[in-house]
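J.: Have a look at this one.
The values are calculated or read from the model by the stated rules, or taken from the named source; none is laboratory data. Only a predicted model underlies this, so the values are computations on that prediction, with no experimental measurement involved. So basically every Cβ, Gly included, is an ideal-geometry build from the backbone, and we count neighbours across all protein chains shown. These accessible areas exclude ligands, DNA and RNA; they are computed on the full protein's heavy atoms, side chains included. Shrake-Rupley method; radii C 1.70, N 1.55, O 1.52, S 1.80 Å.
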Amino acid sequence: MAYYDFKTIESKWQKKWADEKLFKTTEDESKEKYYVLEMFPYPSGKLHMGHVRNYSIGDVIARYKHMSGFNVLHPMGYDSFGLPAENAAIKHGVEPAEWTWSNIAEMNTQLRRLGLSYDWDREVATCHPEYYKWMQWIFIQFYKKGLAYKKENPVNWCPSCQTVLANEQVVDGCCERCGSVVGKKSLSQWYFKITDYADRLLDNLETMDGWPNKVKIMQKNWIGRSAGAEVDFRVKDLDKVFTVFTTRIDTIFGTTFMVIAPEHPEVANLVKGTEYEEAVNAYIEETSHKNDIERTSTVTEKTGVFTGRYAINPFTEKEIPIYVTDYVLMGYGTGIVMGVPGHDQRDFDFAKKFDIPIIPVVDPGDPEIDVNNLQAACAAEGTMINSGEFNGMNNKDAIKKLSDIVEEKGIGKKAVNYRLRDWLISRQRYWGTPIPMIYCEHCGWVPEKEENLPVILPTDVEFTGKGESPIATSKTFVDTVCPVCGQPAKREIDTMDTFLDSSWYFLRYCDARNQEEAFAYDKVKYWMNVDQYIGGVEHAILHLMYARFFQMALYDLDLVTTEEPFKNLLTQGMVIKDGKKMSKSIGNVVSPDEIISKYGADTARLFILFAAPPERELDWSDAGVEGSYRFLNRVFRAVTELADTVKGAGDKYEIKNKDDKELSYQMNATIKKVTEDAGGRFNFNTAISSIMELVNEIYRYKDAAEINAELLKAAVENLIRVLSPFTPHICEEMWETLGHTNSVYTESWPEYDEKALVKDEIEIVIQVNGKLKEKLDVANGLTREELQTLVMERENTKQLIGDKTIVKVISVPGKLVNIVVK
C-alpha cells in the first residue's frame with residue numbers, strides 16, 4: 001500500500017517551487033491579468049487559523065486563475081509598523097526593528113510551509129526604508145495638493161503615561177493602562193482631508209457590485225451624509241449669531257432650548273464675567289474626563305449647565321435658554337444643536353431634567369400617542385401642529401418649504417453634513433513612518449526635500465513608555481536645517497498612523513523593486529485594480545475607507561489610472577472552536593504549526609476550505625481534520641495504484657459501456673462544479689464535495705470488469721488538476737507519479753463536455769402518500785405521461801398499492817411519481 005509521506009512531499013515541492021521561481025510574475029500584454037490579494041498580516045511572529053483560512057482562499061483563486069490562462073499577480077508582505085514592537089522594546093529591551101524582522105522571518109517560513117503561490121520577489125515590509133521612503137513621498141504629494149494640514153485639537157491625555165489615548169482606551173474616565181484620570185489636552189497634529197472625498201467615497205459605492213452589501217452599508221453609515229439646513233439664531237444681548245445644522249427643520253417651532261458643546265470656542269464668550277462663568281468652567285473640566293462614546297450614549301444620564309444666555313428662535317421669536325451639555329460634540333455639524341424635546345429622546349430627557357417646555361410640532365396620527373401629554377419623544381413623521389401657518393401640512397412638505405424660507409429670509413441655507421471627520425494621522429510613537437515635515441521659525445512647516453528621502457527613523461532613542469514620542473530623546477534626529485531658507489529648524493517627531501502604510505501597499509506590489517518611484521505608471525495601469533481582495537469584515541470601515549481615499553487622491557494626482565482600488569471584495573468569516581473565538585485565555589487556540597506537523601499543509605488547507613463557505617464562521621473540528629487527512633490518503637493510494645495503467649494509456653478515449661458513461665459523467669460533472677465554484681461563487685466546500693464524488697467513482701470504476709485505460713487516465717489526471725488549487729503539494733507528487741515532468745500548476749484548467757452530462761438513465765423515486773417506497777432507474781427524457789405509465793404498469797407498483805383505491809397520481813419528470821391512495 002502506498003504511504004502518503006506528507007512531510008517529505010511538501011518540503012520537496014516547496015523547495016522545487018522556490019528554486020524554479022514558479023510563481024514569479026511579470027507583465028504580459030498578450031494575457032488578461034488577474035490580481036488576487038489577501039490583506040497582509042501584522043508580523044506578530046505566529047500565524048493563526050484565521051490567517052490560514054484567508055490565505056488558502058486566495059491561493060485557490062490564484063491557482064485556478066493561472067491554470068485558466070490568466071496572468072496572475074499574487075503577492076504577500078507585512079504591515080510591520082505598530083505599537084506591539086514598541087511595547088516589546090519597553091518590556092523586554094528588544095529593539096523594535098530586531099523584534100519585527102525576527103517575526104517576519106518566522107512568519108515567512110510559516111507562509112512557505114502552507115504552499116502558497118506568492119511571487120516572493122515582490123515581498124514588501126512597511127517598516128523597510130525602501131517602502132516608507134515612498135510613503136513619505138506620497139505624504140508630501142498630499143501636502144502639496146492641500147490634503148495634509150496641521151491643526152490643534154483636544155485629545156484624550158493621560159497625565160501619568162504622558163500620552164494620547166484613543167476613545168476606546170478611556171474606561172469610566174480613566175486610563176485603561178494605569179487607572180489615572182484622563183483629561184483633555186490640546187495638541188497640534190497632522191490630518192488628511194478625507195472629507196474632501198466624502199461624496200465620491202459615498203457615491204462610488206453604488207457602482208461597486210463586487211462588494212458585499214453589508215460592507216457598503218457600513219461605509220455609507222460611517223460617511224453619514226445628511227441633507228438638511230443651517231439656521232441662524234441670534235443671541236440675546238450679544239452681537240452674535242449661532243448657526244445650527246438640522247436635518248429636521250420642520251421641527252423648528254418645537255425648539256425650546258439650545259445646547260452647545262463644552263469645547264466650543266464661543267462658550268467662554270457667553271459666560272465671561274458673569275455669575276455663570278465658574279459653574280460652566282467647572283462643567284467643562286468635568287466633561288474633559290469623558291470620552292465621546294460615553295458622552296453620546298443614549299443610556300447615559302443627561303447633564304448640562306445653564307449659561308445665563310438666551311437665543312431667539314427665528315420662526316417664533318421666542319427666547320430659548322442656552323445650555324452647555326456633554327452630549328453635543330464639536331465634531332458634528334456646528335457644535336451647536338437646537339433642542340426639540342417633543343421629537344428627540346435625548347432632548348426629551350434633557351428637557352425633563354431641567355424643566356424645559358416640551359412642544360410637539362408633528363402629530364404622527366397614532367391613537368396610542370397623546371401628543372399633548374408625551375411620556376417620551378414621538379416619531380416626527382406626520383402632520384404639522386403648533387407650527388403657525390404650516391399647521392395641517394405634511395411634515396416632509398414642510399421641510400422643503402421651510403428650507404426655501406430660510407434662504408429667502410437670509411437666516412440660513414440648505415446644507416449637507418457628514419459624520420466622516422478628517423483623518424488624524426499623527427501618532428506620538430516611535431515605530432512608524434516619520435512624518436517628513438520640518439518646522440522653521442521663518443518659513444513655518446515645510447516638507448523635506450524629496451531627494452533627501454527617506455527620513456530615517458533614529459536608533460539613538462530611549463523607550464520609557466512615558467512622555468512624548470521616543471524620537472524626542474534622539475540627539476541626532478530633531479535638529480536640522482530648513483530646506484527652504486537654510487536656517488536651523490526642527491523635524492516633526494510624530495510618526496504616521498500605520499493605516500497609511502496599508503492604504504497603498506497594493507500599488508507597491510505592482511512594482512515592488514522600483515528604486516526611482518513609488519510605482520511605475522505603466523505597471524499599475526496593467527495590474528490595477530485588484531480583481532479580488534480578501535480579508536476580515538473587521539476592516540470594512542477604516543482600512544477599506546482609507547485605501548479608497550488614497551486611490552482617489554492618487555488618481556487626482558495622475559499617478560494611477562483607476563479611482564477605486566478593489567473591484568471585488570470577499571470578507572471571510574472567523575475560525576472558532578467550541579462555539580467561541582479562538583483565544584489563549586479560553587485555551588481553545590489551534591496552532592497551524594501543530595496541524596501542519598501532524599497532518600501536513602494540504603490537510604490543513606483542505607479542511608479549512610471544506611468545513612464552511614468562506615463568508616461564514618468556521619467551527620474547528622479535530623474530527624474534520626482527521627477526515628480530510630484520510631481523504632488525501634485515499635486519493636494518494638488510488639493514484640499510486642493506477643499509475644502504471646494511466647502511464648501506458650493514450651490521450652483519447654471512447655465510451656464503450658455503462659460503467660464508462662458513469663465515470664465520464666462524474667468526471668465532467670466535477671470539472672463543471674469546481675469550475676463554477678472556484679471561478680466565481682467561491683463555494684469551495686461544495687467544489688471539494690464534488691471532487692470527493694469523483695474519487696468515489698474512480699474507486700468504483702477501477703474494480704469494474706472491463707477497464708477503459710484511456711478514460712481512466714482522463715479521470716485521474718483531471719482529478720489531480722481540479723484538486724491541485726486546494727492541495728497543491730500532494731497533487732504535484734501524484735502528477736509526477738503519472739510520469740509528467742512539468743508542474744501541474746502549468747497545466748491548463750480542464751474543460752467539461754456538456755454532452756457527457758446528459759444521462760441515458762436517471763434515478764427517480766416512487767412514493768405512496770408522500771412516503772418513499774422505492775428508487776427506480778428510468779430512461780432520461782420521459783414525459784409526464786410516459787413516466788406515469790411506466791411506473792403504474794410495473795408489478796412492484798401494483799403490489800405497493802394492494803387493494804387500496806388510487807385517488808390521484810402525481811408525476812414529476814426526472815424526479816418522482818407520488819401515488820395518493822386511500
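J.: Can you go through ASP203, ASP232, ASP239, ASP199 and tell me which one is of a type in the set (Asp, Glu), touching a strand residue (DSSP E or B) at 6+ places or on another chain (Cβ under 7 Å) and open to solvent by 40 Å² or more (accessible area, probe 1.4 Å)? Break it down into steps so the answer makes sense when it comes.
T.: On the way: ASP203 fails: touching a strand residue (DSSP E or B) at 6+ places or on another chain (Cβ under 7 Å); ASP239 fails: touching a strand residue (DSSP E or B) at 6+ places or on another chain (Cβ under 7 Å); ASP199 fails: touching a strand residue (DSSP E or B) at 6+ places or on another chain (Cβ under 7 Å).
That would be ASP232, the only listed residue that is of a type in the set (Asp, Glu), touching a strand residue (DSSP E or B) at 6+ places or on another chain (Cβ under 7 Å) and open to solvent by 40 Å² or more (accessible area, probe 1.4 Å).
J.: Report yes if PHE348 is surrounded by fewer than 22 Cβ atoms within 10 Å (Cβ to Cβ), over 37 Å from the mean Cα position of the chain (by Cα) and of a type in the set (Phe, Trp, Tyr), otherwise no.
T.: Values: surrounded by fewer than 22 Cβ atoms within 10 Å (Cβ to Cβ): no; over 37 Å from the mean Cα position of the chain (by Cα): yes; of a type in the set (Phe, Trp, Tyr): yes.
No: the conditions fail for PHE348.
J.: Which residues, taken from segment 300-328, are under 21 Å from ASP232 (Cβ atoms) and aliphatic (A, V, I, L, M)?
T.: Hits for segment 300-328 are ALA311, ILE312, ILE320, ILE322, VAL324, VAL328.
J.: Now for a different question. What about ASP777, is it assigned to a loop (DSSP other than H, G, I, E, B) and surrounded by fewer than 16 Cβ atoms within 10 Å (Cβ to Cβ)? Step through it out loud before you land on a result.
T.: On the way: assigned to a loop (DSSP other than H, G, I, E, B): no; surrounded by fewer than 16 Cβ atoms within 10 Å (Cβ to Cβ): yes.
Against the criterion (assigned to a loop (DSSP other than H, G, I, E, B) and surrounded by fewer than 16 Cβ atoms within 10 Å (Cβ to Cβ)), ASP777 does not qualify.
J.: Looking only at segment 631-653, decide whether some residue is surrounded by 14 or more Cβ atoms within 10 Å (Cβ to Cβ), of a type in the set (S, T, N, Q) and modelled with pLDDT under 95.
T.: Looking for residues that are surrounded by 14 or more Cβ atoms within 10 Å (Cβ to Cβ), of a type in the set (S, T, N, Q) and modelled with pLDDT under 95, one finds at least one in segment 631-653, hence yes.
J.: When you look at ALA756, is it crowded, with 17+ Cβ neighbours inside 10 Å, modelled with pLDDT under 95 and out of contact with any His (no Cβ under 9 Å at 6 or more places or on another chain), yes or no? Walk me through it before giving the result.
T.: Numbers: crowded, with 17+ Cβ neighbours inside 10 Å: yes; modelled with pLDDT under 95: yes; out of contact with any His (no Cβ under 9 Å at 6 or more places or on another chain): yes.
In short, yes.
J.: For GLU706, which of the numbered conditions (1) in contact with a Lys or Arg (Cβ under 9 Å, 6 or more places away or on another chain); (2) crowded, with 17+ Cβ neighbours inside 10 Å; (3) more than 27 Å from GLY624 (Cβ to Cβ) fails to hold?
T.: For GLU706, the failing item is (2).
J.: Within segment 582-609, restricting attention to residues that are basic (Lys, Arg) and within 27 Å of the chain's Cα centre (by Cα), which residue is modelled with the highest pLDDT?
T.: Going residue by residue through segment 582-609, those that are basic (Lys, Arg) are 584, 598, 605.
When the remaining residues are screened for being within 27 Å of the chain's Cα centre (by Cα), the result is 584, 605.
Numbers: LYS584: 67, ARG605: 97.
The extreme case among them is ARG605.
J.: Could you say whether any residue in segment 62-83 is open to solvent by 50 Å² or more (accessible area, probe 1.4 Å) and of a type in the set (A, V, I, L, M, F, W, C)? Let's see the steps before the verdict.
T.: Residues of segment 62-83 open to solvent by 50 Å² or more (accessible area, probe 1.4 Å): 66, 83.
If we keep only those that are of a type in the set (A, V, I, L, M, F, W, C) as well, we get 83.
Yes, segment 62-83 contains at least one residue that is open to solvent by 50 Å² or more (accessible area, probe 1.4 Å) and of a type in the set (A, V, I, L, M, F, W, C).
J.: Looking only at segment 684-704, which residues are touching a residue at least 40 places away in the same chain (Cβ under 8 Å) and farther than 19 Å from LEU757 by Cβ?
T.: PHE684, ASN685, ILE688, TYR699, LYS702, ALA704
J.: Give the residue that is most open to solvent (accessible area, probe 1.4 Å), with candidates limited to residues of segment 305-317 that are free of Cβ contacts under 8 Å to residues at least 40 places away in the same chain and farther than 12 Å from LEU270 by Cα.
T.: So the first thing to find is which residues in segment 305-317 are free of Cβ contacts under 8 Å to residues at least 40 places away in the same chain, and the list is 305, 308, 317.
Add one more test, that the residue is farther than 12 Å from LEU270 by Cα, and what stays is 305, 317.
Working: VAL305: 25, GLU317: 103 Å².
The extreme case among them is GLU317.
J.: Since LEU165 meets every condition but one in (1) modelled with pLDDT under 80; (2) closer than 21 Å to LEU424 by Cβ; (3) open to solvent by 10 Å² or more (accessible area, probe 1.4 Å), which condition does it not meet?
T.: Here LEU165 meets the rest and fails (3).
J.: Now, a different point. Of all residues in segment 386-418, count the ones that are under 15 Å from ALA227 (Cα atoms) and of a type in the set (Ser, Thr, Tyr).
T.: 2
J.: Being in a loop (DSSP other than H, G, I, E, B) and among the hydrophobic types (A, V, I, L, M, F, W, C) is the filter; apply it to segment 412-444 and report the residue that is modelled with the lowest pLDDT.
T.: In the first step, residues of segment 412-444 are kept if they are in a loop (DSSP other than H, G, I, E, B); the result is 418-422, 425, 428-433, 435-436, 441-443.
Filter once more, so that each one left must be among the hydrophobic types (A, V, I, L, M, F, W, C): 420, 425, 431, 435, 443.
Working: LEU420: 89, ILE425: 93, TRP431: 95, ILE435: 98, CYS443: 97.
Per the stated criteria, the residue is LEU420.
J.: Sort out which residues of segment 780-822 are closer than 25 Å to LEU757 by Cβ, in a loop (DSSP other than H, G, I, E, B) and open to solvent by 50 Å² or more (accessible area, probe 1.4 Å), and write them in order of number.
T.: Result: ASN780, GLY781, THR783, PRO813, LYS815.
J.: Does any residue in segment 570-597 that is over 20 Å from PRO614 (Cβ atoms) come within less than 7 Å, Cβ to Cβ, of a residue that is outside any loop (DSSP other than H, G, I, E, B) and open to solvent by 30 Å² or more (accessible area, probe 1.4 Å) six or more places away or on a different chain, and which pairs are these?
T.: Sorted first by the residue in segment 570-597, then by its partner, the pairs are ILE586/LYS580; ASN588/LYS577; ASN588/LYS580; ILE596/ARG113.
J.: A further question on this structure: Does segment 378-400 contain any residue that is at pLDDT below 95, outside any helix (DSSP H, G or I) and of a type in the set (A, V, I, L, M)?
T.: yes
J.: Sticking with this structure for a sec: Taking segment 42-61 as the search range and keeping residues that are open to solvent by 10 Å² or more (accessible area, probe 1.4 Å), under 15 Å from LYS581 (Cα atoms) and not small (Gly, Ala, Ser), which one is modelled with the lowest pLDDT?
T.: So the residue we want is HIS48.
J.: Within the group ASP326, ASP363, which residue is charged (D, E, K, R), crowded, with 20+ Cβ neighbours inside 10 Å, more than 20 Å from ASP250 (Cα to Cα) and within 44 Å of the chain's Cα centre (by Cα)?
T.: Details: ASP363 fails: more than 20 Å from ASP250 (Cα to Cα).
Just one listed residue meets the conditions, ASP326.
Yes or no, residue by residue, for (1) more than 30 Å from PHE463 (Cβ to Cβ); (2) in contact with a Leu (Cβ under 7 Å, 6 or more places away or on another chain); (3) of a type in the set (Gly, Ala, Ser):
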| position | (1), (2), (3) |
| --- | --- |
| VAL36 | yes, no, no |
| ALA62 | yes, no, yes |
| GLY69 | yes, no, yes |
| GLU86 | no, no, no |
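J.: Could you check segment 70-95 and list, in sequence order, the residues that are modelled with pLDDT under 95 and not β-branched (Val, Ile, Thr)?
T.: First, pick out the residues of segment 70-95 that are modelled with pLDDT under 95: 82-95.
Scanning segment 70-95 gives GLY82, LEU83, PRO84, ALA85, GLU86, ASN87, ALA88, ALA89, LYS91, HIS92, GLY93, GLU95.
J.: Same structure, new question: Would a scan of segment 16-29 turn up a residue that is surrounded by fewer than 20 Cβ atoms within 10 Å (Cβ to Cβ), hydroxyl-bearing (Ser, Thr, Tyr), outside any helix (DSSP H, G or I) and at pLDDT below 95?
T.: Looking through segment 16-29, none of the residues is surrounded by fewer than 20 Cβ atoms within 10 Å (Cβ to Cβ), hydroxyl-bearing (Ser, Thr, Tyr), outside any helix (DSSP H, G or I) and at pLDDT below 95.
J.: Which one of these is more than 42 Å from the chain's Cα centre (by Cα) and farther than 30 Å from TRP157 by Cβ: GLU389, GLU381? Break it down into steps so the answer makes sense when it comes.
T.: Numbers: GLU381 fails: more than 42 Å from the chain's Cα centre (by Cα).
The conditions single out GLU389.
J.: To continue, here is another question. Can VAL182 be described as touching an Asp or Glu at 6+ places or on another chain (Cβ under 8 Å), over 20 Å from ILE438 (Cα atoms) and of a type in the set (Val, Ile, Thr)? Reasoning before the result, please.
T.: Details: touching an Asp or Glu at 6+ places or on another chain (Cβ under 8 Å): no; over 20 Å from ILE438 (Cα atoms): yes; of a type in the set (Val, Ile, Thr): yes.
No.
J.: Taking the condition surrounded by fewer than 17 Cβ atoms within 10 Å (Cβ to Cβ), within 38 Å of the chain's Cα centre (by Cα) and farther than 16 Å from PHE242 by Cβ, does GLU294 pass? Can you show your working first?
T.: On the way: surrounded by fewer than 17 Cβ atoms within 10 Å (Cβ to Cβ): no; within 38 Å of the chain's Cα centre (by Cα): yes; farther than 16 Å from PHE242 by Cβ: yes.
The answer is no for GLU294.
J.: Checking GLU98 against (1) touching a residue at least 60 places away in the same chain (Cβ under 8 Å); (2) out of contact with any Phe, Trp or Tyr (no Cβ under 8 Å at 6 or more places or on another chain); (3) open to solvent by 20 Å² or more (accessible area, probe 1.4 Å), only one condition comes out false. Which one?
T.: Here GLU98 clears every test but (1).
J.: Can you say whether ILE356 is aliphatic (A, V, I, L, M), surrounded by fewer than 21 Cβ atoms within 10 Å (Cβ to Cβ), over 40 Å from the mean Cα position of the chain (by Cα) and not in a helix (DSSP H, G or I), as far as the supplied structure shows?
T.: Numbers: aliphatic (A, V, I, L, M): yes; surrounded by fewer than 21 Cβ atoms within 10 Å (Cβ to Cβ): yes; over 40 Å from the mean Cα position of the chain (by Cα): yes; not in a helix (DSSP H, G or I): yes.
The answer is yes for ILE356.
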